């Protein structure tokens with residue numbers, strides 16, 4: 001009897017830990033925006049390093065430093081202050097964007113000039129989030145922003161932050177968040 005109860009208890013504990021991550025079908029708009037902006041930042045960082053666009057990247061960082069600091073704080077809150085989880089997310093995001101750049105080959109550097117122009121022309125968080133959406137930049141977070149009335153319950157319900165899936169190469173068809181994008185710290 002004891003041997004049957006232990007696996008049952010272990011299964012229930014595992015299910016109770018995993019359930020909140022599965023149950024989160026949306027995230028508060030501020031969190032969604034933070035992941036979108038971090039993805040754009042990551043994509044631009046990879047572009048700067050891969051395509052010698054350091055000046056443009058510096059302009060983007062200087063112009064958006066306040067929003068980007070808020071973004072990082074929001075992501076840290078999402079991962080409940082777990083710096084290892086935050087670092088893993090940011091690293092996985094940058095690796096995803098780098099792999100997408102490699103996949104695109106010479107087209108990647110040819111196309112990033114327009115991305116920098118869009119990002120530098122964007123106004124505030126909403127504008128940067130729109131660039132991310134229009135360019136289908138990978139965020140590695142699939143949950144959409146909750147509707148205004150659902151945000152309160154989603155923010156109030158404690159959820160376990162899902163760990164990013166590690167993949168060798170991003171596939172844009174997989175989800176909006178798997179499109180090319182890069183983030184710098």
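Observations
- Residue selection: residue 43 fails the criterion of being touching a residue at least 60 places away in the same chain (Cβ under 8 Å), within 25 Å of residue 148 (Cβ to Cβ) and surrounded by 16 or more Cβ atoms within 10 Å (Cβ to Cβ).
- The numbered conditions (1) farther than 22 Å from residue 126 by Cα; (2) part of a loop (DSSP other than H, G, I, E, B) are all true for residue 25 except (1).
- Every test in (1) over 20 Å from residue 133 (Cβ atoms); (2) in contact (Cβ under 8 Å) with a residue 24 or more places away in the chain is passed by residue 62 save one, and that test is (2).
- Members of the stretch 123-147 found to be under 13 Å from the mean Cα position of the chain (by Cα), surrounded by fewer than 21 Cβ atoms within 10 Å (Cβ to Cβ) and assigned to a loop (DSSP other than H, G, I, E, B), listed by number: 136, 142, 143, 144
- Tabulated pairs, the stretch 93-115, first within 11 Å of residue 51 (Cβ to Cβ), second surrounded by fewer than 21 Cβ atoms within 10 Å (Cβ to Cβ), C-beta under 6 angstrom, 6+ apart or interchain: 101/50; 101/108; 109/51; 112/51
- Candidates 49, 120, 115: the one that is in a helix (DSSP H, G or I) and closer than 25 Å to residue 144 by Cβ is 115.
Since every read-out is calculated from the coordinates, none of them should be taken as a lab result. None of the values given here were measured: they were computed from a predicted structure. So basically every Cβ, Gly included, is an ideal-geometry build from the backbone, and we count neighbours across all protein chains shown.
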